[in-house]
Amino acid sequence: MAALELAPGCDVLPCALSADVFAALLDGRADCAALPIENTLHGSVAEHYDLLLTHPVRIVAESLLRIQHNLIAAPGVELSAIRTVLSHPVALNQCRKFLSGFTQARALPFYDTAGSVKHVMAESLRDTAGIAPELGAKEYGAHVLLRNIEDHARNLTRFHLILRGDESAAPPADADKLSVAFAVDHRPGTLVKALQAMALAGVNLTRIESRPVPGQPWEYVFFVEFRYTEAAMADAALDELRSESRMVRELGRYQAA
């Protein structure tokens, strides 16, 4: 759903693992990739920050997708017959209030949301339902038993569209947001100085995320997103950041969703 919004008319190549998404992009099987980066209930997708840093890709767009979870079963199956509910662990986490009250059934993790519906239909299960978007029911000929069972109506996931390339590529003309990764020396006050440097450039910090550095205990890479009004402001913020950091990598400039 996010891929079709970010790249209308595209053919979607499914991948089982996030690492496979990057492999498909870098070896040319895919022209672009849609990656979830943050959900308002579940939080950030930490693995994707790591993959963005370690691969030669750039972010060129972002979108917000309203996540609506539905309880879906085979046609003719009644709600009272359901004894098992399958879905991706993140989806189950986003429907905890419903599942805690749905005591007639147990919730089990599955590899995918829509995949749980596919499994229910392929195996002709009459006591099992999946939690998935309505599109999953339409795709596999299933039936929606209950709609919008997520914990909060404002359940949004933010996606990035990424391309092959590096930070030297020209950003979109309407770009007003920048993602950057940086690391500072492990001394008192270094992170504060780095953030103050960006503040001096006048940009608006919208997110900061830290990720551990493999093999270097208690060392971190910081991922920051900020808004800016003109390219010169973004450039100045990066210059200030470089003056206070031992590593800076621009991940992409794009229009804020």
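Quick notes on this one:
- Hey, Leu205 closer than 21 Å to Pro109 by Cβ, in contact with a strand residue (DSSP E or B) (Cβ under 9 Å, 6 or more places away or on another chain) and surrounded by fewer than 20 Cβ atoms within 10 Å (Cβ to Cβ) or not: no
- Within region 214-228, the set of residues being surrounded by 13 or more Cβ atoms within 10 Å (Cβ to Cβ) and either part of a loop (DSSP other than H, G, I, E, B) or at pLDDT 95 or above (or both) comprises Glu219, Val221, Phe222, Phe223, Val224, Glu225, Phe226, Arg227, Tyr228.
- Residue within region 114-131 that is under 30 Å from Tyr254 (Cα atoms) and not small (Gly, Ala, Ser) present: no
- Only a single criterion out of (1) farther than 19 Å from Leu52 by Cβ; (2) part of a helix (DSSP H, G or I); (3) of a type outside the set (Asp, Glu); (4) touching a Leu at 6+ places or on another chain (Cβ under 9 Å) is not satisfied by Leu191, namely (4).
- Each residue in region 1-35 was checked for being surrounded by 16 or more Cβ atoms within 10 Å (Cβ to Cβ), farther than 17 Å from Arg158 by Cβ and in contact with a Pro (Cβ under 8 Å, 6 or more places away or on another chain), and 0 of them qualify.
- Being over 23 Å from Arg207 (Cα atoms), of a type in the set (Asp, Glu) and in contact with a helix residue (DSSP H, G or I) (Cβ under 8 Å, 6 or more places away or on another chain) is a property that does not hold for Glu123.
- Any hit, region 79-96, residues being β-branched (Val, Ile, Thr), under 18 Å from the mean Cα position of the chain (by Cα), part of a helix (DSSP H, G or I) and closer than 21 Å to Ala2 by Cα: yes
- Criterion violated by Ile72 - all others in (1) more than 20 Å from Ala2 (Cβ to Cβ); (2) among the β-branched types (Val, Ile, Thr); (3) assigned to a strand (DSSP E or B) satisfied: (1)
- Evaluation of Gly202 against (1) on the phi > 0 side of the Ramachandran plot; (2) assigned to a helix (DSSP H, G or I) (one fails), failing number: (2)
- Some residue of region 120-134 being under 18 Å from the mean Cα position of the chain (by Cα) and outside the structural domain of Ala7 (by TED's automatic domain parsing): yes
The values are calculated or read from the model by the stated rules, or taken from the named source; none is laboratory data. No experiment lies behind these values; they were computed from the predicted model shown. We place every Cβ from the backbone using ideal geometry, glycine too, and count neighbours over all the protein chains shown.
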